[in-house]
Amino acid sequence: MDVEARNNVHVSGRGDRAIVFAHGFGCDQNMWRFVAPEFEGDFKVVLFDHVGAGGSDLSAYNKDKYSTLHGYADDVVEIMRELRLKDAVFVGHSVSAMIGLLASSKAPELFGRMVLVGPSPRYIDDGDYVGGFSEKQIVELLEFLEDNHMGWSVAMAPSIMGNPDRPELGEELTNSFCRTDPEIAKAFARVTFTSDNRDDLAEVTVPTLILQCSEDIIASEEVGKFVRSRIPGSEIVFLKATGHCPNLSAPAEVVSAIRAYV
Amino acid sequence: MSEFEPRDEYRDLFENAPCGYLTIGSDGRITKVNATLTAWTGIEKDKFAGRRLHQFLNIAGRIYYETHIAPLLRMQGFFNEFALDFETAAGERLAVIANAAERRDGDGTLLFTAVVVIKATDRRRYERQLVDSRTELQKGLATERETAKLREQFIAVLGHDLRNPLAAISAGARILQRSGALQEHKHLRVLDMINTTVTRMSDLIDHILDFARGRLGGGITLSRDAKPLEPVLEQVVDELRTASPQRVIETTFELTERVNCDRTRIGQLLSNLIGNALTHGAADQPVRVGAKTDSGKFKLWVANAGEPIPAAAMERLFEPFFRGDVRDSRQGLGLGLHICWQIAQAHGGRLDVTSTPDETRFVFTMPLVP
């Protein structure tokens with residue numbers, strides 16, 4: 001198994017320490033395009049796509065393996081081992097915050113620090129816990145995904161997947177950053193939004209920073225505070241940025257918050 | 001004179017265009033909304049201003065907007081053709097298709113984002129129905145596959161269970177024959193009849209099984225090779241000559257090239273075609289059989305004299321259970337030609353028939369290599 005091809009791993013930059021960026025549900029490693037380059041001067045920068053996203057090997061997608069976040073976490077461990085990383089900084093956005101956290105429990109020696117951007121251990125409300133969504137709303141989301149296939153068609157798939165860097169494909173590439181097989185997108189949405197990792201938070205042994213935006217409807221401030229209270233010794237920074245994707249909307253703020261911590 | 005001054009004209013185009021417009025400032029907050037969108041949503045302009053687009057969408061749309069659409073807009077500077085659902089003041093769903101484009105100044109600083117919203121209730125409903133029916137079809141297909149598997153098993157078991165008692169009868173007849181216990185001519189004729197019936201019954205079972213496999217399962221399966229075909233064809237002809245000693249079967253075989261085929265199936269096809277010709281052809285005329293390889297093709301034909309096939313029957317000749325005018329109880333199930341046709345199909349070939357008062361001719365053609 002060629003892990004680097006499977007996960008479309010890209011390594012750049014120079015430095016003794018490595019920083020690994022993991023994208024969340026929705027798009028691919030392009031989510032870090034305004035953040036990652038800022039670390040290339042003094043870090044070994046590692047970018048990758050989760051299997052099923054971006055330029056990953058779709059044939060490696062296995063329904064059973066990826067029916068829990070552990071499947072994705074195992075891949076993260078494999079990538080970091082393959083690259084012989086030690087004490088690396090792991091930056092996980094959205095669902096990759098939980099994926100990184102699970103990976104750090106599996107192989108803590110690989111991780112030096114973790115930065116969780118907009119983490120949520122559970123999206124569905126449960127008793128006193130406010131995840132932000134009801135079960136019904138998540139079911140609606142899964143249906144809604146069908147309404148936006150992002151122009152995906154099986155016939156086009158090979159050209160998109162095979163040539164992610166060819167701008168001459170022009171029109172065909174529209175939306176390609178966030179395009180994938182609809183069935184995989186749906187399965188990823190299901191595992192993302194129905195997971196419950198609240199009990200895993202206490203297991204974290206790696207120093208952890210939480211970056212929390214305001215007005216984030218996916219992962220609210222309360223959820224961020226909950227994560228902070230459950231991960232032993234963790235810190236939280238409240239960003240001025242709004243929304244769920246500060247890595248795109250306020251990259252400078254994200255970069256300086258990460259720098260200040262690592 | 002136009003009705004409006006140019007400025008008013010643009011304003012009117014913005015406000016009352018047959019689509020919704022809204023602009024979003026660089027801080028992600030809505031700055032302007034046109035009259036069309038406020039009319040469609042029933043939400044006043046001042047309720048839009050200062051808020052975020054996703055706040056006016058249903059929950060699923062909000063999540064999708066935040067995880068897919070907003071990132072995409074930021075990364076490529078625009079998005080096209082997204083299906084979104086606004087929530088109207090009355091709490092209803094407004095299904096739309098939306099496009100958006102960022103406007104940036106010379107330095108690349110974001111000025112604002114323009115969003116166009118087109119009402120698409122019917123189209124979205126139609127698309128939803130397409131998705132639903134595809135889902136239904138896929139479910140149906142999965143069930144079909146499951147059933148087909150069961151059918152295959154059933155067919156295998158059925159074939160086995162029907163053949164076993166037949167084998168017992170056949171073995172019994174053979175024992176009686178060898179024992180010499182039956183001497184009287186009358187009794188020996190009964191034995192012959194039993195043997196003939198067993199053979200016929202066995203052929204019928206073969207036909208039923210082939211039909212069941214071909215028609216209900218995954219089609220007739222082939223085990224191809226390119227070994228000499230001629231001996232197989234000759235053997236088939238010999239068997240039929242033995243079975244009908246009073247009839248004449250003439251053969252012309254010119255096989256100069258190897259044929260990549262399932263020889264057993266081709267033998268079966270030939271046997272069915274000759275059997276057919278013997279049954280329906282004029283008894284006092286020979287049945288002519290030919291096979292040759294030519295220009296990359298293998299051709300096999302069987303011709304007989306006699307009454308032509310009626311035009312109406314020609315069309316349905318290869319359909320299963322088609323028996324034409326039943327004159328003779330020996331005609332069987334009406335599966336023989338259907339199976340020939342299926343064997344032809346499985347080989348990527350074809351089976352044609354011509355019938356005139358002079359001659360009825362079946363021609364099987366297939367490529368030498370698949």
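The values are calculated or read from the model by the stated rules, or taken from the named source; none is laboratory data. This one's a predicted model, so the numbers in the text were calculated from it and none came from an experiment. Don't worry about glycine lacking a Cβ; one is built from the backbone with ideal geometry, like all the others, and counts go over all protein chains shown. We work out accessible area using only protein heavy atoms, side chains counted, and drop any ligands, DNA or RNA first. Shrake-Rupley method; radii C 1.70, N 1.55, O 1.52, S 1.80 Å.
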Cα extents of the protein assembly as shown per principal axis, largest first, Å, are 110, 79, 50
Residue-by-residue Karplus 3J(HN,Hα) for the stretch B:176-187, coefficients 6.51, -1.76, 1.60, Hz, glycine and proline x:
4, 4, 6, 5, x, 5, 9, 10, 5, 3, 4, 5
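Counting Lys and Arg as +1 and Asp and Glu as -1, what is the net charge of the other residues whose Cβ lies under 13 Å from the Cβ of B:Lys45? Walk me through the numbers on the way to the answer.
Details: positive: B:Lys32, B:Lys47, B:Arg51; negative: B:Glu15, B:Glu44, B:Asp46.
Its environment carries a net charge of 0.
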Can you pull the three principal axis extents for the Cα set of chain A, in Å, largest first?
50, 47, 34
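Can you run the Rg to Rh ratio on the stretch A:1-132? Use alpha carbon positions and the Kirkwood inverse-distance Rh. Numbers along the way, then the final one.
Numbers: Rg = 14.5 Å, Rh = 14.9 Å.
In the stretch A:1-132, Rg relative to Rh is 0.97.
I'd like the mean, over residues of A:242-249, of how many other protein chain beta carbons sit within 10 Å of each residue's own Cβ.
Working: counts 4, 8, 8, 6, 0, 2, 6, 6.
Averaged over the peptide's residues, the number is 5.
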With each label point set 7 Å from Cα along the Cα-Cβ vector, what nm distance links B:Arg7 and A:Asp128?
6.1 nm
Based on the alpha carbon coordinates of the stretch B:71-152, what radius of gyration and maximum Cα-Cα distance (Dmax) apply, in Å?
20.8, 70
Net dipole in debye of the stretch B:6-119 [+1 Lys, Arg Cβ; -1 Asp, Glu Cβ; about Cα centre; nearest 20]
180 debye
List the pair-distance distribution P(r) of the stretch B:6-119, using every Cα-Cα distance, as the percent of pairs falling in each 10 Å bin from 0 up to the bin containing the longest distance, rounded to whole percents.
14, 48, 32, 6, 0
May I ask you to evaluate 6.51 cos²θ - 1.76 cosθ + 1.60, the Karplus curve with θ = phi - 60°, for each residue of the stretch B:114-124 and list the ³J(HN,Hα) values in order in whole Hz, giving x for glycine and proline?
9, 10, 10, 10, 10, 5, 9, 3, 5, 4, 5
Overall Cα dimensions of the stretch B:139-289, principal axis frame, Å, largest first
64, 43, 30
Where the only charges are on Cβ atoms (+1 Lys, Arg; -1 Asp, Glu), what is the dipole of the stretch B:230-367 about its Cα centre, to the nearest 20 debye?
280 debye
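Under the definition of partner shielding as Cβ atoms of other protein chains within 10 Å of a residue Cβ, what is the mean value for peptide B:51-64? Intermediate results must be reported in sequence, preceding the final value.
Values: counts 0, 4, 0, 4, 2, 0, 1, 4, 10, 12, 5, 7, 17, 8.
Per residue, the average neighbour count from other chains is 5.
Rounded to the nearest 20 debye, what is the charge dipole size of the stretch B:148-189 about its Cα centre when +1 sits on each Lys and Arg Cβ and -1 on each Asp and Glu Cβ?
My answer is approximately 80 debye.
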Grab the beta carbon distance between B:Tyr126 and B:Arg103, set R0 = 35 Å, and tell me the FRET efficiency rounded to 0.05.
0.60
Plugging the Cβ-Cβ distance of B:Ser179 and B:Ser223 into 1/(1 + (r/R0)^6) at R0 = 35 Å yields, to the nearest 0.05, a FRET efficiency of 0.35
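Rg/Rh for the stretch A:191-262: what does it come to with C-alpha atoms and Rh from Kirkwood? Please report the intermediate quantities before stating the final value.
On the way: Rg = 12.6 Å, Rh = 13.0 Å.
My calculation of the ratio gives 0.97.
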Report the far tail of the P(r) of the stretch B:143-216, meaning the percent of Cα-Cα pairs longer than 14 Å.
67 percent
Count, for each residue of B:126-134, the Cβ atoms from other chains sitting within 10 Å of its Cβ, then give me the mean as a whole number.
2
Would you mind giving the total buried accessible surface between chains A and B, with a 1.4 Å probe and ligands, DNA and RNA left out, rounded to the nearest 100 Å²?
2900 Å²
In whole Hz, with x marking every Gly and Pro, tabulate ³J(HN,Hα) for the stretch A:91-100 from phi via Karplus 6.51 cos²θ - 1.76 cosθ + 1.60, θ = phi - 60°.
10, x, 9, 6, 5, 6, 4, 6, 4, x
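Going by average Cβ density within 10 Å per residue, which order do the peptides B:309-322, A:196-209, B:284-297, B:179-192 take, highest to lowest? If you can, show how the numbers build up before the last one.
On the way: B:309-322: 13.0, A:196-209: 17.6, B:284-297: 15.8, B:179-192: 10.4.
The packing order, highest mean first, is A:196-209, B:284-297, B:309-322, B:179-192.
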Note to self: C-alpha centroids of the stretch A:183-242 and the stretch A:34-72 sit apart, in Å, by 18 Å
Rg followed by Dmax, in Å, when the stretch B:230-367 is reduced to its Cα trace:
14.2, 41
Could you work out the mean projected area of the convex hull around the alpha carbons of chain B, in square nanometres to one decimal?
35.6 nm²
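Quick one: with all protein chains in place, what share of the accessible area of the stretch B:156-262 is carbon or sulfur, to the nearest percent (1.4 Å probe)? Intermediate results must be reported in sequence, preceding the final value.
Working: 3870 of 6960 Å².
Here carbon and sulfur together make up 56 percent of the probe-accessible area.
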Name the most mobile residue of A:Gly24, A:Gly100, A:Gly131, meaning the one with the largest mean-square fluctuation, in a Gaussian network model of chain A with Cα contacts below 10 Å.
A:Gly131
If you take the charge dipole of the stretch B:143-216 about its Cα centre, with +1 on Lys and Arg Cβ and -1 on Asp and Glu Cβ, which of B:Thr143, B:Gln183, B:Met193 is farthest toward its positive end?
B:Gln183
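Considering only protein heavy atoms, what per residue accessible area in square angstrom results for the protein assembly as shown with a 1.4 angstrom probe?
On the way: 31500 Å² over 632 residues.
The answer is 50 Å² per residue.
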Putting +1 on Lys and Arg Cβ atoms and -1 on Asp and Glu Cβ atoms, find which of A:Leu47, A:Cys213, B:Asn304 reaches farthest to the positive end of the dipole of the protein assembly as shown.
B:Asn304
